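Q: Pasting a structure below so you can have a look.
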């Protein structure tokens, strides 16, 4: 019998969270948030559907695919903002978690002045 299932790439995620650095593995078909939770790291999250920004992070190295990240403008995604609940790794990542306030300011700050 021939196994037609292809191996799924696995990446190393390094997350800065509450002043500490945490590393965990994440499959390419798994969201970064799900992988963090599976590794015992309770990152902030709420809607888990890419609409709110509770799980916002700044990707400083690597890249993610996040087609369902409705809560982040595309230009801010290009700057490195990601919603971890809908972000799938496409390389090893280094990220800074808990960026909801920074993302909010980047998206809406000009309207608050």
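The values are calculated or read from the model by the stated rules, or taken from the named source; none is laboratory data. From a predicted model like this one, the values you see are computed outputs, not experimental measurements. Don't worry about glycine lacking a Cβ; one is built from the backbone with ideal geometry, like all the others, and counts go over all protein chains shown.
Q: Of all residues in the range 40-50, count the ones that are touching a strand residue (DSSP E or B) at 6+ places or on another chain (Cβ under 6 Å) and either surrounded by fewer than 16 Cβ atoms within 10 Å (Cβ to Cβ) or without any contact (Cβ under 8 Å) to a residue 12 or more places away in the chain (or both).
A: So in the range 40-50, the residues touching a strand residue (DSSP E or B) at 6+ places or on another chain (Cβ under 6 Å) come out as 41, 50.
Filter once more, keeping what is either surrounded by fewer than 16 Cβ atoms within 10 Å (Cβ to Cβ) or without any contact (Cβ under 8 Å) to a residue 12 or more places away in the chain (or both): none.
The total comes to 0.
Q: Hey, another quick one. Taking residue 66 as the residue in question, decide whether it is surrounded by 14 or more Cβ atoms within 10 Å (Cβ to Cβ), more than 24 Å from residue 101 (Cβ to Cβ), at pLDDT 95 or above and touching a helix residue (DSSP H, G or I) at 6+ places or on another chain (Cβ under 9 Å).
A: Answer is no for this residue.
Q: Filtering the range 74-87 down to residues that are in a loop (DSSP other than H, G, I, E, B) and surrounded by 15 or more Cβ atoms within 10 Å (Cβ to Cβ), which residue is farthest from the chain's Cα centre (by Cα)? Step through it out loud before you land on a result.
A: So the first thing to find is which residues in the range 74-87 are in a loop (DSSP other than H, G, I, E, B), and the list is 79-80, 84-87.
After this cut, where a residue has to be surrounded by 15 or more Cβ atoms within 10 Å (Cβ to Cβ) as well, the list is 80, 84-87.
Details: 80: 10, 84: 3, 85: 6, 86: 7, 87: 5 Å.
Residue satisfying both the conditions and the ranking: 80.
Q: As an exercise: evaluate residue 57 against (1) in a loop (DSSP other than H, G, I, E, B); (2) closer than 19 Å to residue 23 by Cβ; (3) in contact with a helix residue (DSSP H, G or I) (Cβ under 9 Å, 6 or more places away or on another chain) and give the number of the one condition it does not meet.
A: It is condition (1) that residue 57 fails.
Q: Taking the range 5-39, which residues are at pLDDT 95 or above, under 19 Å from residue 90 (Cβ atoms) and surrounded by fewer than 12 Cβ atoms within 10 Å (Cβ to Cβ)?
A: 29
Q: Within the range 102-112, is even one residue modelled with pLDDT of 95 or more, in a loop (DSSP other than H, G, I, E, B) and surrounded by 15 or more Cβ atoms within 10 Å (Cβ to Cβ)?
A: Scanning the range 102-112, I find no residue that is modelled with pLDDT of 95 or more, in a loop (DSSP other than H, G, I, E, B) and surrounded by 15 or more Cβ atoms within 10 Å (Cβ to Cβ), so the answer is no.
Q: Quick one: residue 110 ticks every box in (1) under 23 Å from residue 18 (Cα atoms); (2) out of contact with any strand residue (DSSP E or B) (no Cβ under 7 Å at 6 or more places or on another chain) bar one, so which box is it?
A: (1)
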